[in-house]
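Comments concern the structure below.
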Amino acid sequence: MPDHKPKKHLLVALVENKPGVLNRVASLFRRRNFNVDSLTVGRTHKPHLSRMTIAVDATRGDAFKIHMNLLKLINVVDVANVSNEPHVSRDLALIKVRANDAESRNGLTLICERYPARIVDIGPEVAIVEITAQEDQVEALINELKPIGILELVRTGVVAMGRGVRILDSDYEPVRPITATSEAKSFEVYSV
Amino acid sequence: MKLSGAEIVLECLKREGVEVMFGYPGGAILPTYDAMTKYPEIHHVLVRHEQGAAHMADGYARASGKVGVAIATSGPGATNLVTGIATAMMDSSPIVCITGQVTRGAIGSDAFQETDVTGVTLPITKHNYLVMDIHELPYIIREAFYIARSGRPGPVLIDIPKDIQTEKIEFVYPEDAIRLPGYQPPQTASDKEIKAALELIHEAKRPIILAGHGVMLSGAVQQLQELAERAQIPVALTLLGKGAMPENHPLTIGMMGMHGEAASNLAIQEADLLIALGMRFDDRVTGNLKTYARSAKKIHVDIDASEINKNVHVDVGIVGDLRAVMDQLLPGVKGASHAEWLNRIRDWHEDADERDIINRDTGDELWGAQVINDLWKFTGGNAITVTDVGQHQMLEAQYYPHQRPASMITSGGLGTMGFGLPAAMGAKVARPDEEIWAIVGDGGFQMTLCELATAKQENIKVNIAIINNNYLGMVRQWQEFFYEQRYHATPMFSPDFVKLAEAYGIPAMRVERRDQIEESVAFARSVEGPVLIEYAVEAEDIVYPMVPAGADLDKMIRRPKPGESAR
């Protein structure tokens, strides 16, 4: 395998919305010794399909291996490596910052103006900053906020989508008889 | 027609053409066992340990090409299947395992005999199911069989809670096509890929075909032979590839890898083109990847896309069904002779004959290689052999040439000791007209010898050959080579195998001299049911040649020629 430098790869996987699918994907990464930066999963506009965005730091060869191994999972409908094409990616962070004096509050406001960020909660002691942006911008904001004092931080992980008419979708419709009880089970209690 | 979940299971198995299943009952699977009384056409073989059930299903599948079925209860019953499932996974063997589970309401409560079996088997199955809705059950069983046998075959497990087995619904068999949106086994190659492969084949001066299990799984045996003959390309076989090409064919060099023929390994290292067909460049086959076939271009055809470029970087990787790809490839293959190259390989072979223990007078000693060689001779080379794991397995691979597909069954990928006896029994159930020999070591045999009782109860005619050297021989060999002969935990006490067999009502015989081997084969053939023969061989045997793990493929430890000193 010609060894290219590791870089960030964003793999988008369309998966069946069934119990245990997230577990299958996570198990694959552990089993094959692939390192995941972040993995996000959520429903799509089709109730039987969920979509994952998996960010990995890998060589091109390893990213290809991950791609092929994901496709091997029966419940994975399709996979695209969107880092090989023009795409949009977003990471969301909520950052709780110290805001108990004028200096920190002013600093906070000034910093947030330079980012796609806003203060979504503020009290006498702390404020919560929300940012939705590309991952590197989120990183930059976090670095700028550090001197003020970060108390708590949560990030969603990256979600991504190819630009333009590159559509990652499936025409598949589930064939199993969906009874009233099974519907409730598949889509509420056991959603991935 | 209203059927219970248990009846649906059996009804669906029947429609999949299942004639036999191997299993062990228990609380959580009892409703299904009870329903079996209504389905006498599906024979149930009661094993003595669930591992045996999984291996029997595996042996059955490998011998017949059909899906093998194992059935067990929840908790310990299911976890006992694990080794057998992992074995089937590594060797791409199609089996379906059905396990009982505690009732849906009790799942997650640490109920009696509850284990998260779909969790446990997730990484060692091709796919698995926990049935939570009885309406899905018939679909799941159909999918399970389809997934198990199609594409790259593998094990599928279905975990069925007890209350689903007893619940009743109006049963309609789903006749419509299976729709698995995320599963489309690949078929053919693109024209571009075929063209690129042909170019490499036609340019090559020193090509070699590496034939694996996939040749037989896809039914490309004839195509392989045609390719080899037309372009005069020598064929090396993987362990599981034995049978892909007749071993008496002049173009077959023999097994490759750690204990492969020296000529195969040298040819691979010298080749300018590897044509890898249905094999996966396992580390036991490649040795040191950095020095593996350095001057060779590589074509790799496999049905599993994740195998291409996994271990060895290839120039042309083709994902597809091997037979379909070969049918695309063959019309374009031009004749060639490669006379010089074939002669060189032949020269390497002759050196091996000089070193071979078979060609030496060993006096009163009995060696494992001689036993296997003579078993081959006296069975006419036509038996189906099922091996365990260790020295006897490698000796079988070296000294029992096979001429037809699926005539050697062995645990290659996982190297599961204890596989031999139960897998041989499964093979016999699948192919009752064949002469089946379980060739096992004293170590592995003792891991699953409880299945002697199953063989007796079911009167499964397997000929069990125990190659007894009173050691865990392969481990001892490693200790001799790499651990300064510290034979720790390898000398092995065994019971009197002849008496043991007799305790099970199984006729048995002990062989201590080479001239008794012919008689032992005749004896085995004269017994109607299972029979056991113990071959008491020399203790400190070594399987040559050997490529130490991770060493360059051509850095083999060879058996010294007469007059040479060891190592």
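Net charge near B:VAL221, counting Lys/Arg +1 and Asp/Glu -1 over other residues with Cβ under 11 Å of its Cβ? In short, +1.
Work through the residues other than B:HIS338 whose Cβ is under 13 Å from its Cβ and net out their charges, Lys, Arg +1 and Asp, Glu -1.
So the environment of B:HIS338 carries a net charge of +1.
Calculation over all alpha carbon pairs of segment A:88-159 in 5 angstrom steps from 0 returns a P(r) of 4, 18, 32, 26, 13, 5, 2, 0 percent. The B and A chains share an interface that buries close to 2500 Å² of accessible area, total over both sides, probe 1.4 Å. In chain B, the calculated helix contribution to ellipticity at 222 nm averages -10500 deg cm²/dmol per residue, counting -39,500 (n - 2.57) for every DSSP H run with n ≥ 4. Its Cα centre serving as origin, the protein assembly as shown has a Cβ charge dipole (Lys and Arg +1, Asp and Glu -1) of approximately 1360 debye. Remark on B:ILE318: its backbone amide H falls under 5 Å from those of B:HIS300, B:VAL301, B:ASP302, a criterion applied only to residues 5 or more positions apart or on other chains, H modelled at 1.01 Å from N.
Carbon and sulfur: what percent of segment B:2-170's accessible surface (1.4 Å probe)? Show your work: numbers first, answer last.
Values: 2690 of 5070 Å².
Here carbon and sulfur together make up 53 percent of the probe-accessible area.
Normalised by residue number, the volume inside the convex hull of the Cα atoms of chain B is 152 Å³ per residue. Computed from the C-beta positions of B:ASP356 and A:VAL88, the FRET efficiency with R₀ = 51 Å rounds to 0.15. Spacing of the modelled spin labels on A:LYS7 and A:ASN143, each 7 Å from Cα toward Cβ, amounts to 1.9 nm.
Under the combined filter of DSSP loop state and at most 12 neighbouring Cβ atoms within 10 Å, segment B:124-182 retains these GluC sites (Glu not before Pro): B:GLU175. Among B:GLY529, B:SER411, B:GLN516, which residue has its Cα positioned farthest towards the positive end of the charge dipole of chain B, with +1 placed on the Cβ of Lys and Arg, -1 on the Cβ of Asp and Glu, and the dipole taken about the Cα centre? Looking along the dipole axis, the top candidate is B:SER411.
Just the number, please: carbon plus sulfur as a percent of the accessible area of chain A, 1.4 Å probe, no ligands or DNA/RNA counted. After summing per-atom areas, the C and S share lands at 52 percent.
A Cβ-based charge dipole, computed about the Cα centre of chain B with Lys and Arg at +1 and Asp and Glu at -1, lands at about 740 debye. Projecting the Cα atoms of A:GLY162, A:LEU28, A:LEU39 onto the charge dipole of chain A (Cβ charges, centred on the Cα centre) puts A:LEU28 farthest toward the positive pole. Sparsely packed loop sites in segment B:123-199 (the trypsin sites (Lys or Arg not before Pro) outside DSSP H, G, I, E and B with at most 15 other Cβ atoms within 10 Å) comprise B:ARG179.
On the accessible surface of segment B:191-348, probed at 1.4 Å, how many percent belong to carbon and sulfur atoms?
Ligands and nucleic acids excluded, carbon and sulfur reach 46 percent.
The residues of segment B:165-199 listed by number as losing at least 50 Å² of accessible area in the complex, against the isolated chain and with a 1.4 Å probe, are B:ARG179, B:PRO181, B:GLY182.
Mean per-residue shielding of peptide B:303-312 is 4, counting Cβ atoms of other chains within 10 Å of each Cβ.
With a/c under 1.5 counting as rounded, go ahead and sort segment B:271-338 into rounded, prolate or oblate using the C-alpha gyration tensor (a ≥ b ≥ c being the square roots of the eigenvalues; past the cut-off, prolate if a/b is larger than b/c, else oblate).
It is oblate, given that a/c is not under 1.5 and a/b is not larger than b/c.
Based on protein heavy atoms only, segment B:1-120 ends up with 32 Å² per residue of surface accessible to a 1.4 Å probe.
So in segment B:360-536, what percent of DSSP beta bridges are antiparallel if you round to the nearest 5? If you can, show how the numbers build up before the last one.
On the way: 1 of 22 bridges.
Percentage antiparallel, nearest 5: 5.
Each 5 Å bin from 0 upward holds the following percent of the Cα-Cα pairs of segment B:360-536: 1, 9, 18, 23, 22, 15, 7, 3, 1, 0. The smallest convex shape that holds all Cα atoms of the protein assembly as shown, its convex hull, gives 192 Å³ per residue. Output the residues of segment A:67-109 meeting this criterion: accessible area (heavy atoms, 1.4 Å probe) in the chain alone minus accessible area with all protein chains in place is 50 Å² or greater. Those are A:MET68, A:LYS72, A:ILE74, which lose 50 Å² or more relative to the chain on its own. Using only Cα coordinates, the Kirkwood hydrodynamic radius of segment B:2-170 works out to 15.2 Å. For segment B:333-450, the solvent-accessible area works out to 35 Å² per residue, with a probe of 1.4 Å and every protein chain left in place. Under a model in which nothing but the beta-carbon of Lys, Arg (+1) and Asp, Glu (-1) is charged, segment A:1-85 shows a dipole of about 200 debye around its Cα centre. Cross-linked pairs B:LYS310/B:LYS555; B:LYS38/B:LYS162; A:LYS7/B:LYS297; B:LYS242/B:LYS428; A:LYS65/B:LYS205; A:LYS46/B:LYS162: Cα-Cα separations exceed 21 Å for B:LYS310/B:LYS555; A:LYS7/B:LYS297; A:LYS65/B:LYS205; A:LYS46/B:LYS162.
Per residue, the Cα convex hull of segment A:1-85 amounts to 86 Å³.
When the accessible area of each residue in segment A:26-52 is compared between its chain alone and the complete protein assembly (1.4 Å probe; ligands, DNA and RNA ignored), which residues differ by at least 40 Å², being lower in the assembly? In segment A:26-52, residues shielded by partner chains: A:ARG31.
The mean sequence distance of close C-alpha pairs (under 8 Å, at least 6 residues apart), as a share of the length of segment B:370-458, puts its relative contact order at 34 percent. Its relative contact order, with pairs defined as Cα atoms under 8 Å and 6+ residues apart, puts segment B:191-348 at 28 percent. For chain A, the extents of the C-alpha atoms along the principal axes are 61, 52, 34 Å, listed from largest to smallest.
The loop-placed GluC sites (Glu not before Pro) in segment B:469-557, going by DSSP, that have at most 16 neighbouring Cβ atoms within 10 Å of their Cβ come out as B:GLU484, B:GLU512, B:GLU528, B:GLU538, B:GLU540.
Among B:LEU251, B:THR291, B:PRO31, whose Cα sits farthest toward the positive end of the charge dipole of the protein assembly as shown (+1 at Cβ of Lys/Arg, -1 at Cβ of Asp/Glu, about the Cα centre)? Farthest along the dipole direction, towards plus: B:THR291. Taking a straight line from the alpha carbon of B:LYS168, these aspartates and glutamates sit under 15 Å away, with near neighbours fewer than eight places off in the same chain left out: B:GLU7, B:GLU11, B:ASP34, B:ASP133, B:GLU136. Contact order for segment B:360-536, expressed relative to its length and based on alpha carbon pairs under 8 Å spaced 6+ residues apart, stands at 23 percent.
At 7 Å along the Cα-to-beta-carbon direction for both B:ASP191 and B:ARG346, put a label point, then send me their distance in nm to one decimal. The answer from the label model is 4.1 nm.
The values are calculated or read from the model by the stated rules, or taken from the named source; none is laboratory data. These numbers were taken from a predicted model, which means no experiment stands behind them. Cβ atoms come from the backbone with ideal geometry, glycine included; neighbour counts cover every protein chain shown. Surface accessibility is based on the protein's heavy atoms, side chains included, excluding ligands, DNA and RNA. Shrake-Rupley method; radii C 1.70, N 1.55, O 1.52, S 1.80 Å.
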